[in-house]
Amino acid sequence: MNISTSNRSGRFQMLAGGLLLLACGMSTGCQIDVAGQTLPSPYHLSDDVQYYAPGPEFKLANEAAALAEQRAQEISEPQGAPTP
């Protein structure tokens, strides 16, 4: 084997390996996980916001308001004292 042939072969292998490594790195991306979020996402510019505003602490607020309104409408009349 000629020295120049093996030198070219080694250079070609190094170049091919470097290009393969670069292609693998670009295809996987570089994402990290911070506080449950994947940053940066490949769709971070077009992705919708995934934030939901907190709701009321008491889940049955509408039902409680309806019951209170119904109780307010049911005013009982006082009973008169029995006559002897």
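Site pair residue 50 and residue 74 shows an inter-label distance of 4.7 nm when each label is modelled 7 Å from Cα along Cα→Cβ. Axis of helix 3-28 versus longest Cα principal axis of the chain: the two differ by about 10°, to the nearest ten degrees. Here semi-axes √(5λ) of the Cα gyration tensor in Å was calculated from the structure, and among (i) 19, 18, 10; (ii) 83, 10, 7; (iii) 27, 18, 5 it sits at label (ii).
Rounded to the nearest Hz, the phi-derived 3J(HN,Hα) couplings of region 66-78 under the Karplus curve 6.51 cos²θ - 1.76 cosθ + 1.60 (θ = phi - 60°) are 5, 5, 5, 5, 5, 5, 5, 7, 8, 7, 8, 7, x, where x marks glycine and proline.
In this rough spin-label picture, where each label sits 7 Å from Cα along the Cβ direction, the residue 20-residue 65 distance is 6.7 nm.
No lab work stands behind these numbers, since they all come straight from the coordinates. It should be emphasised that the depicted structure is a prediction, and the values quoted were computed from it without experimental measurement. Every residue, glycine as well, gets a Cβ built from its backbone with ideal geometry; the counts of neighbours run over all protein chains shown.
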